[in-house]
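Working notes for the structure below.
The values are calculated or read from the model by the stated rules, or taken from the named source; none is laboratory data. Note that the structure is predicted; figures quoted are calculated from it, not measured. No Cβ is skipped: glycine too gets one built from the backbone with ideal geometry, and neighbour counts run over all protein chains shown. Areas reflect the complete protein model, heavy atoms only, side chains present, ligands, DNA and RNA absent. Shrake-Rupley method; radii C 1.70, N 1.55, O 1.52, S 1.80 Å.
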Amino acid sequence: MAGPMRGSMKAYKSVALDSQKSVASPYRIVQMLLAGALERLAKTRTAIEQQNYEQRGELVSSTMMIIDELRLSLDYEDGGEIAQNLGRLYDFMMNELVSVNMNNDLEKLESTSRLLREIKESWDAIPVAQQEVPA
């Protein structure tokens, strides 16, 4: 019974996330992406510790897709130096995650998590008045 129930919960979570994204502001979407990446990295640590390498691979791949989405959403024209620095940081994290996946490198996993947490903390600190994108 746990199998079908787990599938139903996953489906519900997916629908709930899709619903949030359809009404969320661009600011909130980035916030959700960062939170999702951090959640997956925490689960990756557990997968490595439990020697569940299939799950580790899925989680790392999913995290890399999120980071790539964040990188692709950067506006290099309006974002200037900050966008360029974030782009390079996202590229660095992608390379670190390749090592995590190939070598079960917990040190690189933690450094990537730390970088993402710092980005999320900075993002979360943006005042509400500045969260709206000017038209």
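Would region 60-78 turn up any residue that is among the acidic types (Asp, Glu), assigned to a helix (DSSP H, G or I) and under 15 Å from Glu110 (Cα atoms)? No, there is no match, as no residue in region 60-78 is among the acidic types (Asp, Glu), assigned to a helix (DSSP H, G or I) and under 15 Å from Glu110 (Cα atoms).
Could you tell me whether region 87-98 includes any residue that is over 14 Å from Thr63 (Cβ atoms), at pLDDT 95 or above and among the basic types (Lys, Arg)? Yes: one or more hits. Among the residues of region 113-135, those that are closer than 20 Å to Ser61 by Cα and either touching a Ser or Thr at 6+ places or on another chain (Cβ under 8 Å) or open to solvent by 70 Å² or more (accessible area, probe 1.4 Å) (or both) comprise Arg114, Arg117. Of all residues in region 83-101, one or more are within 24 Å of Trp123 (Cα to Cα), charged (D, E, K, R) and open to solvent by 70 Å² or more (accessible area, probe 1.4 Å).
Per the conditions (1) small (Gly, Ala, Ser); (2) surrounded by fewer than 17 Cβ atoms within 10 Å (Cβ to Cβ); (3) under 23 Å from Gln131 (Cα atoms), the sole criterion not satisfied by Ala37 is (2). Within region 53-75, residues that are on the phi > 0 side of the Ramachandran plot and small (Gly, Ala, Ser) reach no partner that is outside any helix (DSSP H, G or I) and crowded, with 17+ Cβ neighbours inside 10 Å with beta carbons closer than 6 Å at six or more positions or on different chains.
Mind checking whether some residue in region 57-80 is surrounded by fewer than 17 Cβ atoms within 10 Å (Cβ to Cβ), farther than 28 Å from Glu132 by Cβ and aromatic (Phe, Trp, Tyr)? No, the conditions are met nowhere in region 57-80.
Filter region 46-82 down to residues that are closer than 27 Å to Pro26 by Cα and either touching an Asp or Glu at 6+ places or on another chain (Cβ under 6 Å) or of a type in the set (Val, Ile, Thr) (or both), then give me how many there are. Looking only at that region, the number is 5.
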